[in-house]
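Here's the structure, in structure tokens; my notes come after.
The values are calculated or read from the model by the stated rules, or taken from the named source; none is laboratory data. On a predicted model such as this, the values are computed, not experimentally measured, just so you know. Because the Cβ atoms are built from the backbone with ideal geometry, glycine has one as well, and the counts that use them run over all protein chains shown. Areas reflect the complete protein model, heavy atoms only, side chains present, ligands, DNA and RNA absent. Shrake-Rupley method; radii C 1.70, N 1.55, O 1.52, S 1.80 Å.
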Amino acid sequence: MFKIGKRFLSNQFSFQNYKFIYRFSKELQIKQSETTGNGFYQQQIFTGCLAEYAYYIESNKEALIIDPLRDIQPYLDILQEKGSKLKYILLTHFHADFVSGHIPLQRATGAQIIMGPNAFAPYVNQILKDHQSIDLGSVKIQALHTPGHTLESTCYLLLDQLNNKHSIYTGDTLFLGEVGRPDLAVKSDLTQEDLAALLYDSLKRQILPLPNDTIIYPGHGAGSACGKNISKGSSCTVGTQKQNNYALQLMSKEEFVKVVASDLPTPPSYFFYNVGLNKQNNLEDVNKVIKASLIKLDPKTIKNDVIILDTRNSISDGFIKGSININLKIPFASWVGTLLPYDKDIVLISDKGTEEQAILRLSRIGYDRVIGYTHFEDWVSQPKVKPVEYEKQEFLNKSKNTQLIDIRTKEEWSRGTLEQAQLITLSELSKNLSKIDKTKDLSIYCGTGQRAKIAATLLAAQGYDKVSYCRVGYDELVKI
């Protein structure tokens, strides 16, 4: 197979009267790269917590933004810095892994919201047909409909002022070393195999014929759950991906469907919740969410039916029994959405000064029910658990006579495991408690030590009181 009708909203809000109470947005969304081409300027904006890329493109003081996050201040800052007017907001599809910022960005700027074929939502101002173009200053943006990840998935091809096919913004259709998973838009009459077959056709028809020097700008980088095993890097050429991406190699459609639709990890439960949110136009503004959540609480007043989310980096001094530790130095929002329900109130236990950051990052996935925060020292009378943490050699010695659990992913297991380890990936841990004996000593390890901390608190909350974990990861454990 693989060979080498328009409506413009008035400007309802100025930058000056669109107030934000959070301070962390610009720090958490960073400029990954910038490009100046024939007739345009582009900036790639990276959000590590979600391994997400948004894009700012400008030509002759007209600008567009592709796939913005809910916290829009960084985009407003760029517009103000460049002195440009936002003309378009382009969405590649209805996102599952974060709440998109198209609605607040439109309210703040009056820009049109544009999507590709099969995208039906009350806020969409224009649906582009396949290969239909829009003008941006002296360049054009062409929609390439690429169903497969979802039915509405669309890539956007940038044609510079010399009409060169400079770059393509692939959303979740094509990543570096990977393609979008085909199991998130499954319906009663549409299987993941059906979607994978559509993806095969999309890649063959729309991506592979592009010039080898066309630059691919994906919607996500390594660490995102939107692809099975996304490679590191922020951009690449079409020619390089033809050589290195397993899904773009010579194979039949049947072979492609088999390899792309197999061994898919269970999608995080919040994915389907976020798709629903992203089809609405009535989501609470994020600054109001933060203001309502940024309240200091007395632990004595907290009810038993809330989630106690401990976001501290270290739990060596102990953690509150029943709390779950997911710290801010890992993909925080993704792990919260994977492990915790979205429809319950949340109380934070935070390191001082990080409360607002945690609330903002939770709001990116629609977890808006934070009712307040505390600090660990506030919990004077509540029972605490002292974690059993081991360094490499002590863990290897102690774990010989315990129930040893490897909570890494299947892809990580394929590279090796410790002898006699039971393989239960962290995302599936709560569903597999019947396989874990409460009467035995438990030893847990992961890839870095961070997920093991999460697992230890999850198990403690379920009544497991003989849990230890390793502070280093598998690669260090097997190093001679």
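Order Asp77, Asp441, most accessible first, counting only protein heavy atoms with a 1.4 angstrom probe.
Listed by decreasing accessible area, they come as Asp441, Asp77.
With unit charges on the beta carbons (Lys and Arg positive, Asp and Glu negative) and the dipole taken about the Cα centre of the chain, which residue among Leu362, Leu136, Ala222 sits farthest to the positive side?
Positive-most Cα among the choices belongs to Leu362.
Just to verify a number: FRET efficiency for Lys400 and Met251, C-beta to C-beta distance, R0 = 35 Å, to 0.05?
With R0 = 35 Å, the Cβ-Cβ based efficiency is 0.20.
Need one number: % antiparallel among DSSP beta bridges in the chain, to the nearest 5.
If we restrict to bridges inside the chain, about 55 percent are antiparallel.
Based on the alpha-carbon gyration tensor of region 218-358 and its eigenvalue square roots a ≥ b ≥ c, which shape applies: rounded if a/c is under 1.5, prolate if not and a/b is larger than b/c, or oblate?
Here region 218-358 falls in the prolate category.
Can you tally the net charge around Ala197? Count Lys and Arg as +1, Asp and Glu as -1, for every other residue whose Cβ sits under 10 Å from the Cβ of Ala197.
Around Ala197, the surrounding residues sum to -3.
Between Gln126 and Lys466, what length in nm is gained on full extension when 0.36 nm per residue of separation is reduced by their alpha carbon distance?
The span from Gln126 to Lys466 would gain 116.6 nm if fully extended.
Report, ordered by chain and residue number, the lysines lying within cross-link reach of Lys204, taken as a straight Cα distance under 18 Å and ignoring same-chain residues fewer than 8 apart.
Once the sequence-local lysines are set aside, what remains near Lys204 is Lys3, Lys165, Lys242, Lys253, Lys258.
What's the magnitude of the charge dipole for the chain around its Cα centre, counting Lys and Arg as +1 and Asp and Glu as -1 at the beta-carbon? Answer in Debye, nearest 20.
Charge dipole of the chain: 340 debye, to the nearest 20.
Restricting to Cα pairs below 8 Å that are 6+ residues apart, what does the relative contact order work out to for region 345-480? Please round to a whole percent.
24
With each label point set 7 Å from Cα along the Cα-Cβ vector, what nm distance links Ser430 and Ser262?
Going from the Ser430 label point to the Ser262 one covers 3.1 nm.
Among rounded, prolate and oblate, which fits region 108-175 when a ≥ b ≥ c are the square roots of the eigenvalues of its C-alpha gyration tensor, a/c under 1.5 means rounded, and a/b larger than b/c means prolate?
oblate
Quick check: at a probe of 1.4 Å, how many percent of the accessible area of region 94-148 sits on carbon and sulfur atoms?
The value for region 94-148 is 52 percent carbon and sulfur by accessible area.
Taking 7 Å along the Cα-to-C-beta vector as the label spot, tell me the Lys31-Ser316 distance in nanometres, rounded to one decimal.
Rounded to a tenth, the inter-label distance reads 3.8 nm.
Setting aside same-chain residues fewer than 8 positions from Lys288, which lysines have a Cα under 20 Å from its Cα?
Straight-distance partners of Lys288: Lys19, Lys26, Lys296, Lys344.
Over all alpha-carbon pairs in region 400-480, figure out the percentage whose distance exceeds 18 Å.
32
Kindly provide the helix-only [θ] at 222 nm of the chain, computed as the sum of -39,500 (n - 2.57) over DSSP H runs of four or more divided by all residues, to the nearest 500 deg cm²/dmol?
-6000 deg cm²/dmol
Give me the distance between the Cα centres of region 436-465 and region 93-137, rounded to whole Å.
What the calculation gives is 43 Å, centre to centre.
I'd like the FRET efficiency for Thr301 and Gln243, computed as 1/(1 + (r/R0)^6) with the beta carbon distance as r and R0 of 41 Å, rounded to 0.05.
The computed FRET efficiency comes out at 0.10.
Which value in nm describes the separation of the simple spin-label points at Asp378 and Lys329, placed 7 Å from the Cα toward the beta carbon?
Each label point lies 7 Å from its Cα, and together they span 2.3 nm.
The list (i) 25.2; (ii) 27.0; (iii) 23.7 gives values of Kirkwood radius over Cα pairs in Å, and only one came from this structure; which label was calculated from it?
Read-out from the structure maps to (iii).
Output the Cα-based Rg and Dmax of region 125-245 in Å, rounding Rg to one decimal and Dmax to a whole number.
Answer for region 125-245, Rg first and Dmax second: 14.2, 46 Å.
Given a 1.4 angstrom probe, I'd like the percentage of the accessible area of region 255-334 that is carbon and sulfur, rounded to a whole number.
Carbon and sulfur atoms account for 50 percent of the accessible area of region 255-334.
Once the piece of chain linking Asp475 and Gln161 is laid out straight, how much longer is it, given 0.36 nm per residue of separation minus the C-alpha distance between them?
Computed gain between Asp475 and Gln161 is 108.1 nm.
Quick one: net charge around Glu284, please, counting Lys, Arg +1 and Asp, Glu -1 for every other residue with C-beta under 14 Å from its C-beta.
+3
List, in the order given, every pair from Lys31/Lys410; Lys228/Lys410; Lys300/Lys438; Lys400/Lys453 whose Cα-Cα distance in the structure shown is over 22 Å.
In this structure, Lys31/Lys410; Lys300/Lys438 exceed 22 Å between Cα atoms.
Determine the sum of side-chain charges near Lys296: Lys and Arg each +1, Asp and Glu each -1, restricted to other residues whose C-beta is under 9 angstrom from that of Lys296.
Overall, the nearby charge balance is -3.
Quick check for you: with a 1.4 Å probe and neighbouring chains kept, what is the accessible area per residue of the chain, in Å²?
42
Mind ranking Ile216, Ile308 by accessible surface for me, highest first, 1.4 Å probe?
Ile308, Ile216
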